[in-house]
Amino acid sequence: MTVLVLLGVLALAIGGCVCVVWAERGGPRWVRVVATLTRIAGEVLRGAGKHQRRSLNRSSGGDGD
């Protein structure tokens, strides 16, 4: 079951990337919508990753030396 979920997530990610490339080349409206949603999801995930790394650095108590 877990494998099927992971395969589904992988298929969505690949499909989103294909739509981003297709939209850059002037695809139909629905492709541009999916590409926009894919880009927004990427920005949200990137921001969450930065926030998580920042909070981990603070909680470790290290000063970088």
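Matching residues to (1) in contact with a His (Cβ under 9 Å, 6 or more places away or on another chain); (2) open to solvent by 100 Å² or more (accessible area, probe 1.4 Å); (3) among the hydrophobic types (A, V, I, L, M, F, W, C):
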{"residue": "5", "(1), (2), (3)": "no, no, yes"}
{"residue": "14", "(1), (2), (3)": "no, no, yes"}
{"residue": "22", "(1), (2), (3)": "no, yes, yes"}
{"residue": "28", "(1), (2), (3)": "no, no, no"}
{"residue": "36", "(1), (2), (3)": "no, no, no"}
{"residue": "43", "(1), (2), (3)": "no, yes, no"}
{"residue": "48", "(1), (2), (3)": "no, no, yes"}
{"residue": "51", "(1), (2), (3)": "no, yes, no"}
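Checking the condition in a loop (DSSP other than H, G, I, E, B), at negative phi and either out of contact with any strand residue (DSSP E or B) (no Cβ under 8 Å at 6 or more places or on another chain) or at pLDDT 90 or above (or both), which residue from 16, 62 passes?
Just a single option satisfies the conditions, and that option is 62.
The values are calculated or read from the model by the stated rules, or taken from the named source; none is laboratory data. Computed from a predicted model, the values in this text were never measured in an experiment. Cβ atoms come from the backbone with ideal geometry, glycine included; neighbour counts cover every protein chain shown. Heads up: the accessible areas ignore ligands, DNA and RNA and are worked out on the full protein's heavy atoms, side chains in. Shrake-Rupley method; radii C 1.70, N 1.55, O 1.52, S 1.80 Å.
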